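Undergrad: There's a structure below that I have some questions on.
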Amino acid sequence: MNATSAPRPELEGLSVSVVVYRPDQAQLATTFASLGHACEALRATRPGLPVHLYLVDNGGLPDERASLDALSAQGVTSTILSGHGNVGYGRGHNLAIERAVGRYHLVLNPDIDLDRHALLRALEFFEANPAAGLLTPWIGDEAGHQQFLCRRYPTLLDLFVRGFLPAGLRRLFQRRIARYEMRDVINDRDICWDPPIVSGCFMLFRTNVLEKLRGFDTRYFLYFEDYDLSLRAHDVTRVAYAPAVRVLHHGGGAARKGSAHVRMFLASAYKFFNRFGWKWL
């Protein structure tokens with residue numbers, strides 16, 4: 001993300017960036033439908049609030065005219081950013097972040113379903129808590145069970161156990177993983193301030209915070225860019241886990257996506273630990 005010579009003017013509004021590479025069209029349509037419903041609920045109390053979607057095409061984008069037309073009917077304008085090739089997750093979002101001028105910017109995965117009131121409650125939280133600059137929601141799986149995607153700083157053993165061990169063996173490390181996943185403080189009721197690391201599947205920022213951070217570090221092609229951005233965010237703002245904001249996540253781990261994803265995961269892990277410090281056990 002390029003540095004600017006002067007701060008951009010902050011305008012009322014919300015922008016959303018979604019980066020895709022050969023996406024599941026049905027899932028992407030579901031994500032956009034949930035975004036539209038959440039924007040409708042938001043506008044019920046904030047009529048006329050501008051919402052703009054940046055759909056970043058890293059390759060293989062199917063025809064999304066029907067979904068984007070439906071969003072337009074719900075008052076959500078959109079821009080497709082394409083032609084840059086597969087530049088990676090963080091760099092793709094940066095293409096949208098550098099264009100964002102609204103007060104808030106949402107980094108959103110294409111496999112997230114937003115609760116109808118997710119955006120309304122998120123903006124209410126920001127308005128009630130001016131120190132907060134990054135919000136992470138309660139995240140559930142397809143069955144509605146909570147996913148614990150807030151993290152303490154990882155060790156190599158934590159990552160190996162959680163990401164690559166079979167479920168039977170993983171149970172032997174249950175207490176260790178529970179600590180890594182902050183299960184002692186993360187629940188479906190209580191706000192948690194300043195979790196060290198939050199998931200990139202839904203990161204809602206004050207846009208001026210993202211401007212200070214200059215977006216994602218583009219040295220990560222895929223994986224760990226959200227870990228990096230989370231840790232850097234603590235230098236300039238407070239981070240909040242707000243369980244009143246709810247989404248469902250349909251994603252899976254690197255090990256379940258094949259050897260290419262495992263290689264990308266390991267390459268990004270190396271860059272992350274080289275930058276922030278190695279912890280083995």
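Undergrad: Gain in length, residue 187 to residue 65, computed as 0.36 nm per residue apart minus the alpha-carbon separation, to one decimal in nm?
TA: So the chain would gain 40.1 nm between residue 187 and residue 65.
Undergrad: In degrees, nearest 10, range 0 to 90: what is the angle between the Cα axis of helix 25-45 and the longest Cα principal axis of the chain?
TA: 60
Undergrad: Sticking with this structure for a sec: Set the Förster distance to 25 Å, then compute FRET efficiency between residue 167 and residue 279 from the Cβ-Cβ distance, nearest 0.05. Could you put the intermediate results ahead of the total?
TA: Working: r = 24 Å, r/R0 = 0.97.
The pair residue 167/residue 279 has a calculated efficiency of 0.55.
Undergrad: Another question, then. When the chain is fully extended, how far beyond the present Cα-Cα distance does residue 27 get from residue 266, taking 0.36 nm per residue of separation? Could you put the intermediate results ahead of the total?
TA: On the way: separation 239, 0.36 × 239 = 86.04 nm, distance 2.72 nm.
Result: 83.3 nm gained on full extension.
Undergrad: For residue 279, go through the lysines and keep the ones whose alpha-carbon is under 16 Å away, minus same-chain ones fewer than eight residues off.
TA: Within reach: 271.
Undergrad: Given a Förster radius of 22 Å and the C-beta distance between residue 98 and residue 231 as r, what FRET efficiency does 1/(1 + (r/R0)^6) yield to the nearest 0.05? Walk me through the intermediate numbers first.
TA: Values: r = 21 Å, r/R0 = 0.98.
For residue 98 and residue 231, the calculated efficiency is 0.55.
Undergrad: A further question follows. Computed on alpha carbon atoms, what radius of gyration and Dmax characterise the stretch 163-281, expressed in Å?
TA: Rg and Dmax of the stretch 163-281, Cα atoms, are 15.5, 45 Å.
All of the numbers you see were taken from the coordinates with simple rules; none came from a lab. Note that this is a predicted model, so its numbers are computed, not measured. Please note: Cβ atoms are built from the backbone with ideal geometry, for glycine as well, and neighbour counts cover all protein chains shown.
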